Amino acid sequence: MDRATRGALTLMAVTLSRGRPTASATHLQDRRWLALVCIAMAQLTIALDATVVNIAMPSAQAALGFSDADRQWLVSAYTLALGGLLLVGGRVADSRLGRRRAFSIGLLGFAAASALSGAAINLPMLVAARALQGAFAALLAPTALSLLAVLFIEPHERARAFGVYGAIAASGGAIGLLLGGLLTQYLEWRWCLYINVPLALLAALGARAVLPESVAASGARAKSNGIVLLGLLPLRVVLDRRRAAAYLAALLAVAGMFGAFLFLTYELQVVLTFTPLQAGIAFLPMSAATFVAATLVAPRVLPRTSPRALMLPGFLLAAAGMALLTQIHVDTGYATGILPAEILLGFGVACVMVPVASVATAGVNVRDAGIAAAVLNSSQQIGASLGTALLNGIAAATTAVYILANATRPEALVHGYTTAAAWGALLLLAGAAISLFATEVRNA
């Protein structure tokens, strides 16, 4: 822990022991909550970018003239760069570069790459810029979470701060779908990329003013003490049973959520013939349920009980929501078939993600906070990729079989979605089993 952080914590301890907050301590606390706003904005830019481009993809394809086979690179270039470089980003966050400096570099680089993506004149330029976005997001994501872990230590404040983070992490995808539909329908697809620029710049300006500097206590990193992945991942971070359970739980929760995003988007737009904006609005109840669980329910429950007391029912609720989606038919309406499932999914996954973020970063040495956060973000990216690929593959294969059996296209599509939903429910039930091992890691 660096001198500035030790001094801040000492000041807080003295203030609490006297029972009266001093002006300096109050100012410090205010700065921490302002820092949380900057961290939340950074997380929002990353969460938005995961889905905001999806609805804009047909318009981008028409404007730039690329093929159906090539369009997947708009998503893959971003996710591959992000997932592949997260551990590097986490280690940079823990280096002597400092978390505040790494955070600012990540934000400014992400803003520049977003502007370049929006200005792309052809597919290669767009794909390269999307990969650059992913690279800077790989620095930004673990830095933001590690800053959260070292700034908020007291249990109630930590629960509240991670509640904000969990709400954004779990609902950002749905917000991105809504924003993508709005921007595409009323402006143009390029604004789905430009929207990140003002958000990132505002967060960078705020971070410069309110974030304390935080650097590693020692630069002696390259010791042969069980470090894998080219010296980036200390085994001590992932070998703890409880922390490993949290990482796996995050993977499974996000796999179920993003898989649901995919086939619900097509169910709404292809089967129910919603416009892109209407489809985005239809996801709002999921975001609302996520917000309530992550900001009002989880922060109140988490300090009083074990994390698994939130995670287990959260997974079960999400699995129940996915099970409801197995019952939809061609003539099933949004209000009776999809809305209840969205609420259960959003509420349940948020109840998982808040304690997961806390367990995954608790008990680690300050010098490993960034890498612990990077592993959590990597778990989420892997979950999003695997869930989307697995459930989309199941839905597509089932649909093809039903079309061969002379079913109508809407009937075949819906059967594919319900089959994928059944597999999604199994993923979430597996997460419920894993959550039994996720208890809070005690500080050494």
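The values are calculated or read from the model by the stated rules, or taken from the named source; none is laboratory data. Everything numeric in this text was worked out from a predicted model, so none of it was measured. Every residue, glycine among them, receives a Cβ derived from its backbone with ideal geometry; neighbour counts consider all protein chains shown.
Would you confirm, using the coordinates I've provided, whether I343 is under 29 Å from T273 (Cβ atoms), in contact with a helix residue (DSSP H, G or I) (Cβ under 6 Å, 6 or more places away or on another chain), surrounded by fewer than 24 Cβ atoms within 10 Å (Cβ to Cβ) and of a type in the set (V, I, T)?
Yes: the conditions hold for I343.
Kindly evaluate S117 against the criterion of being buried (at least 24 other Cβ atoms within 10 Å of the Cβ), more than 16 Å from the chain's Cα centre (by Cα), part of a helix (DSSP H, G or I) and small (G, A, S).
Spelling it out, S117 is indeed buried (at least 24 other Cβ atoms within 10 Å of the Cβ), more than 16 Å from the chain's Cα centre (by Cα), part of a helix (DSSP H, G or I) and small (G, A, S).
Looking at region 27-56, which of the residues that are over 23 Å from A373 (Cβ atoms) and surrounded by fewer than 18 Cβ atoms within 10 Å (Cβ to Cβ) is modelled with the lowest pLDDT?
Among those residues, the one meeting the criterion is H27.
Any idea which of R158, R130 is touching a helix residue (DSSP H, G or I) at 6+ places or on another chain (Cβ under 7 Å) and modelled with pLDDT of 85 or more?
Unique residue meeting the criteria: R130.
Give region 312-332 a look and list any residue that's of a type in the set (A, V, I, L, M, F, W, C) and either surrounded by fewer than 17 Cβ atoms within 10 Å (Cβ to Cβ) or within 21 Å of L248 (Cα to Cα) (or both), or say none.
L312, F315, L316, L317, A318, A319, A320, M322, V330, listed by residue number.
Which of the residues belonging to region 283-328 are assigned to a loop (DSSP other than H, G, I, E, B), over 20 Å from the mean Cα position of the chain (by Cα) and within 30 Å of L182 (Cβ to Cβ)?
I328
I'm trying to understand the selection: among the residues of region 94-114, which are farther than 19 Å from V37 by Cα and part of a helix (DSSP H, G or I)?
G109, A112, A113, S114
Report whether or not A62 is at pLDDT 70 or above and out of contact with any helix residue (DSSP H, G or I) (no Cβ under 9 Å at 6 or more places or on another chain).
Here the answer is yes, as A62 does meet what is asked.
Does region 405-413 contain any residue that is of a type in the set (S, T, Y), out of contact with any strand residue (DSSP E or B) (no Cβ under 9 Å at 6 or more places or on another chain) and assigned to a helix (DSSP H, G or I)?
no
Across region 114-134, what is the total count of residues that are under 17 Å from M41 (Cα atoms) and without any contact (Cβ under 8 Å) to a residue 60 or more places away in the chain?
Qualifying residue count for the region: 1.
Restricting region 267-282 to residues that are part of a helix (DSSP H, G or I) and polar (S, T, N, Q), which is modelled with the highest pLDDT?
Checking each candidate, the answer is Q278.
Enumerate the pairs (first residue in region 236-265 and within 27 Å of Y417 (Cα to Cα); second residue anywhere and modelled with pLDDT under 85 and of a type in the set (K, R)) with beta-carbon separation below 6 Å, excluding pairs fewer than 6 apart on the same chain, so at least 6 apart or on different chains.
none
For region 373-397, give me each residue that is among the small types (G, A, S) and within 13 Å of A138 (Cα to Cα).
Matches in region 373-397: A373, A374, S378, S379.
Within region 348-372, work out how many residues are modelled with pLDDT under 80, out of contact with any Gly (no Cβ under 6 Å at 6 or more places or on another chain) and in a helix (DSSP H, G or I).
6
Restricting attention to region 176-217, and to residues there that are at pLDDT 80 or above, within 17 Å of the chain's Cα centre (by Cα) and aliphatic (A, V, I, L, M), which single residue is surrounded by the fewest Cβ atoms within 10 Å (Cβ to Cβ)?
Step by step, filter region 176-217, then rank; the result is L199.
List every residue pair whose Cβ atoms lie under 8 Å apart, where the two residues are 6 or more positions apart in sequence or sit on different chains, the first residue falls within region 340-362 and is over 13 Å from L145 (Cα atoms), and the second residue, located anywhere, is among the polar types (S, T, N, Q) and crowded, with 24+ Cβ neighbours inside 10 Å.
Note: pairs meeting the criteria are G346/S171; G346/T290; F347/T290; V349/T290; A350/S171; A350/T290; V352/S435.
From the list L312, L268, which residue is touching a residue at least 40 places away in the same chain (Cβ under 8 Å) and within 25 Å of F437 (Cα to Cα)?
Being touching a residue at least 40 places away in the same chain (Cβ under 8 Å) and within 25 Å of F437 (Cα to Cα) holds for just one of L312, L268, which is L312.
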